[in-house]
Structure formats: C-alpha cells, structure tokens
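The values are calculated or read from the model by the stated rules, or taken from the named source; none is laboratory data. Just so it is clear, the structure is predicted and the values come from calculations on it, not from any experiment. With ideal geometry, Cβ positions are generated from the backbone for all residues, glycine too; neighbour counts draw on all protein chains shown. When the accessible area is computed, the model is the full protein with side chains, heavy atoms only, and any ligands, DNA or RNA have been set aside. Shrake-Rupley method; radii C 1.70, N 1.55, O 1.52, S 1.80 Å.
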Amino acid sequence: MRRLILGHTTEFTLLAVMIVLCIGLSFGTDRFLTISNAFDVLNVSAVNIIFAVGLLVVLISGGIDISFAVAASVAQYVTALALGALGGGDWAEGFIIAGAVGIGLGLINAALVYRLHIISIVATISTFNIFFGLLMFFTKGVSIYDLPEWLTTRVVFFEREMADGSWIELTLPVVVMILCCLATWFMISRTTIGRQLYAFGDNPEGARRFGINIGAMHYISFGWMGLMAGIAGLMQAHYAEEVVPNALYGRELDVLAATVLGGARLGGGKGSVIGCVLGVLMVSITQNGLNLMGVSPFAFKMIVGAIILVAITLSSARIDKLLPFLAKGNARRGSTHS
C-alpha cells in the first residue's frame, strides 16, 4: 500500500484535496453531495476530459498544444457540413470525418514543430489563430442548427429516477470519454510507443541516441491530440444539439491547467490518465459547487485559479513529508533488509 501511494503521489494527494473540497461544499448547499449532481458533473466534464487525455500525450512527449479547442471547432463544423452533403450520414461516418479532420490539424502542428523546428507553444499559438481565423472567415460566425436527427437525439445508456424525483443518466459523451481514457491509458502504459513517448519527453537527446524515431513521436502525439479534439468536437455538437463556431473557444487554458494539476509535467516525461481525469473533475466540481451556492460566475475564474494553485502546490510535495509514517515504514523495511 505504501509503495502504491508513493508511486502515485500526485493522484492520491489530489484525491484527498477533492474529498476535503467536496465535504466543504456540501456544507454550503445540500444539493451538492447527491448522486444526481455527481452524474451531472460527469456529463458536463466529458468533453474536457477527452481534450485532456489528448493533451496529456502531447505533454508527456515534451510538447504543448494550445490549438486543440479551435481544432475541435473546425472539426465539428466541417463534419456538420460533410454530413449534410452526404444526406445525413450516421454515427460511424460522423466519428470518421471528425477524427480525420482532427488528425489532419494535429499533423499540421507536428510538421511545424518537427520540420520547421518551431517551439511547440509558438507553433500552436500560431495555428490557434490561423485555424480560428479561417473558421470565422469562411463561416462568417454563422451557427448550424439543422443537424441530422441522430446527432441531436440524446443517447442515454442508463437512467434512473431517484427518491427525490431527480434523475441520474449515463449519456453517450461519458461512454465515449471512458473509451478515450482507456485507449489513451493503453497506448501510453502498455505499448512500446507509450514508453518511447515518456523517454522522449524526459530526455529528447537520450531518446535520439537510443534510436527512437523523433519525428514519429511528434506526429503520434499531436496526431492523437487531433483525434481526441475531433471526437470531443463531435460530442460537444451532440450535447449542445448545434454547432457554434466559437463554442469551444477559450477552453484550452482551463484544460491545460487541469491536466497539469493532475500531474502532467510541462517539461515532459510525466503524467497519467487517472491524474488527468482527477484534475478536470477537480475544476468541474469546484465550478459546480460554487454555482449551486449562488456565487457570481465572474468569481469562478478567480476562485478556481486559487484552488488550482493550492492543489498544484500540495501535489508537488512528497507524500512522505505529508504522511511521515510512510517514510518511517520505508526506513524500518530498509534496516530489516540490511
């Protein structure tokens, strides 16, 4: 147990902070600590979690992407237009088109970073503005409301009415989010590509000398981010039942902060899917609790920013300093073996 906690310091610390936060918010409003509200938070967080697991792969490889939210907006708009041209299409075609567009935009970022040797944050800030500018120029900011019926019809896998009359629902975006998390976890934890991404992010020069294909690492990480952006864009269109060009604009910094909060290192070589999910949920829980307490939306950014700062500070501390008995236990085991 001690070894498990020491190996996942950030995740356990963040989980402890979330528990304390939930207990505190429950005193502020009796509507917060309910099963129905927990499902609401999960459904609302699904799109950001899909974004976050894609961004996690880029961060692990030592890069950073600021353009993914705009890429998702482009992907959902192009998908909506393509589906209209195809006479409506279906879910399979929707995922294929959105994923392909997202991957294409991600590969553009990878090419700028790898081929032109532009720092990833500079490259993606540039493409952020280029993608968004092109989207608004060609669409003139006009939203699409006439979407295929299958895309706007709510897909509920599980629902149940609670004793207080509220409903809990497990919707399509949550199921897709879970699948994206599992796919990302498998890739970074159970494949050679994943191990190479960690090695490249931790020590690029060492990875190059070891024979790791540096170009492939860039294209895989940014391509995966693009795929997740395309899927997230489609799920956002399904959730909102409309396609608005600037609907996802501005989410990039929130998702980046939540992913770093979950333990991903901006320098690369570190990060986990569970930490990433906890980071997004931490922010969502905070916003949800403040909203239920009637706190002004203008105060959300300030309060959430403070909580992120505190949580990152706590996550940076070693667990054996926060829980001295763990360190003592390790010392006892060491003396026994010697």
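Taking the condition under 14 Å from the mean Cα position of the chain (by Cα) and closer than 19 Å to Leu112 by Cα, does Gly233 pass?
Details: under 14 Å from the mean Cα position of the chain (by Cα): yes; closer than 19 Å to Leu112 by Cα: no.
Judged against the criteria, Gly233 is not a match.
Pick out the one residue from Ala92, Ala71 that is of a type outside the set (Phe, Trp, Tyr), part of a helix (DSSP H, G or I) and more than 16 Å from Val243 (Cβ to Cβ).
Numbers: Ala71 fails: more than 16 Å from Val243 (Cβ to Cβ).
On inspection, the qualifying residue turns out to be Ala92.
Based on what the data block shows, is Ala207 surrounded by 15 or more Cβ atoms within 10 Å (Cβ to Cβ), of a type in the set (A, V, I, L, M) and modelled with pLDDT under 95?
Yes, satisfied.
Of the numbered conditions (1) open to solvent by 10 Å² or more (accessible area, probe 1.4 Å); (2) under 30 Å from Trp91 (Cβ atoms); (3) modelled with pLDDT of 95 or more, Gly194 satisfies every one except a single condition; which is it?
Looking at each condition in turn, Gly194 falls short on (1).
Which of the residues belonging to the stretch 261-305 are over 12 Å from the mean Cα position of the chain (by Cα), under 17 Å from Ala46 (Cα atoms) and open to solvent by 50 Å² or more (accessible area, probe 1.4 Å)?
Gln287
Would you check which residues across the stretch 135-148 are touching a residue at least 24 places away in the same chain (Cβ under 8 Å) and open to solvent by 40 Å² or more (accessible area, probe 1.4 Å) and list them? Talk me through it step by step, then tell me what you get.
Here is the first cut: in the stretch 135-148, the ones touching a residue at least 24 places away in the same chain (Cβ under 8 Å) are 135-136, 139, 141-148.
The answer is Met136, Val142, Tyr145, Asp146.
If I ask for residues that are more than 20 Å from Ala82 (Cβ to Cβ), in contact with a helix residue (DSSP H, G or I) (Cβ under 7 Å, 6 or more places away or on another chain) and either open to solvent by 50 Å² or more (accessible area, probe 1.4 Å) or aromatic (Phe, Trp, Tyr) (or both), which ones from the stretch 113-131 would you list?
The answer is Tyr114, Ile118, Phe128.
Does any residue of the stretch 232-246 turn out to be free of Cβ contacts under 8 Å to residues at least 40 places away in the same chain, surrounded by fewer than 22 Cβ atoms within 10 Å (Cβ to Cβ) and not in a loop (DSSP other than H, G, I, E, B)?
Of the stretch 232-246, the ones free of Cβ contacts under 8 Å to residues at least 40 places away in the same chain are 240.
Checking the rest, the ones that are also surrounded by fewer than 22 Cβ atoms within 10 Å (Cβ to Cβ) come to 240.
Then drop every residue that is not not in a loop (DSSP other than H, G, I, E, B), which leaves 240.
The answer is yes; a qualifying residue exists.
Any idea which residue in the stretch 5-28 is surrounded by the fewest Cβ atoms within 10 Å (Cβ to Cβ), counting only those that are more than 13 Å from Thr286 (Cα to Cα) and not hydrophobic (A, V, I, L, M, F, W, C)?
Among them, the one singled out is Gly7.
Which one is nearest to Gly275 (Cα to Cα) among residues in the stretch 194-217 that are in contact with a helix residue (DSSP H, G or I) (Cβ under 6 Å, 6 or more places away or on another chain) and of a type in the set (A, V, I, L, M, F, W, C)?
Among those that are in contact with a helix residue (DSSP H, G or I) (Cβ under 6 Å, 6 or more places away or on another chain) and of a type in the set (A, V, I, L, M, F, W, C), it is Leu197.
Looking only at residues in the stretch 102-112 that are under 21 Å from Ala232 (Cβ atoms) and of a type in the set (A, V, I, L, M, F, W, C), which one is least open to solvent (accessible area, probe 1.4 Å)?
To start, the set of residues in the stretch 102-112 that are under 21 Å from Ala232 (Cβ atoms) comprises 102-110.
When the remaining residues are screened for being of a type in the set (A, V, I, L, M, F, W, C), the result is 103, 105, 107-108, 110.
Working: Ile103: 60, Leu105: 24, Leu107: 67, Ile108: 76, Ala110: 0 Å².
Among those residues, the one meeting the criterion is Ala110.
Hey, Phe200 hits all of (1) open to solvent by less than 90 Å² (accessible area, probe 1.4 Å); (2) under 30 Å from Phe32 (Cβ atoms); (3) modelled with pLDDT of 95 or more but one; which does it fall short on?
Of the numbered conditions (1) open to solvent by less than 90 Å² (accessible area, probe 1.4 Å); (2) under 30 Å from Phe32 (Cβ atoms); (3) modelled with pLDDT of 95 or more, the odd one out for Phe200 is (2).
When you scan the stretch 103-110, do you find a residue that is aliphatic (A, V, I, L, M) and either more than 16 Å from Ile66 (Cβ to Cβ) or touching a Leu at 6+ places or on another chain (Cβ under 8 Å) (or both), even just one?
From the stretch 103-110, those aliphatic (A, V, I, L, M) are 103, 105, 107-108, 110; that's our starting set.
If we keep only those that are either more than 16 Å from Ile66 (Cβ to Cβ) or touching a Leu at 6+ places or on another chain (Cβ under 8 Å) (or both) too, we end up with 103, 107.
Yes: the stretch 103-110 contains one or more residues that are aliphatic (A, V, I, L, M) and either more than 16 Å from Ile66 (Cβ to Cβ) or touching a Leu at 6+ places or on another chain (Cβ under 8 Å) (or both).
Quick one: would you say Leu179 is touching a residue at least 24 places away in the same chain (Cβ under 8 Å) and open to solvent by 60 Å² or more (accessible area, probe 1.4 Å)? Let's see the steps before the verdict.
Numbers: touching a residue at least 24 places away in the same chain (Cβ under 8 Å): no; open to solvent by 60 Å² or more (accessible area, probe 1.4 Å): yes.
When the stated conditions are applied, Leu179 does not pass them.
Please specify each residue of the stretch 247-302 satisfying the condition of being charged (D, E, K, R) and outside any helix (DSSP H, G or I). Lay out the reasoning, then the answer.
Kept after step one, since they are charged (D, E, K, R), are these residues of the stretch 247-302: 251-252, 254, 265, 270, 301.
Within the stretch 247-302, Arg265, Lys270 meet the criteria.
I'm checking my understanding of the structure. Among residues of the stretch 154-170 that are among the aliphatic types (A, V, I, L, M) and under 18 Å from Arg31 (Cα atoms), which one is surrounded by the most Cβ atoms within 10 Å (Cβ to Cβ)?
Our first condition is that a residue be among the aliphatic types (A, V, I, L, M); within the stretch 154-170, this holds for 155-156, 162-163, 168, 170.
Okay, now just the ones that are also under 18 Å from Arg31 (Cα atoms), so 162-163, 168.
Values: Met162: 12, Ala163: 5, Ile168: 18.
That would be Ile168.
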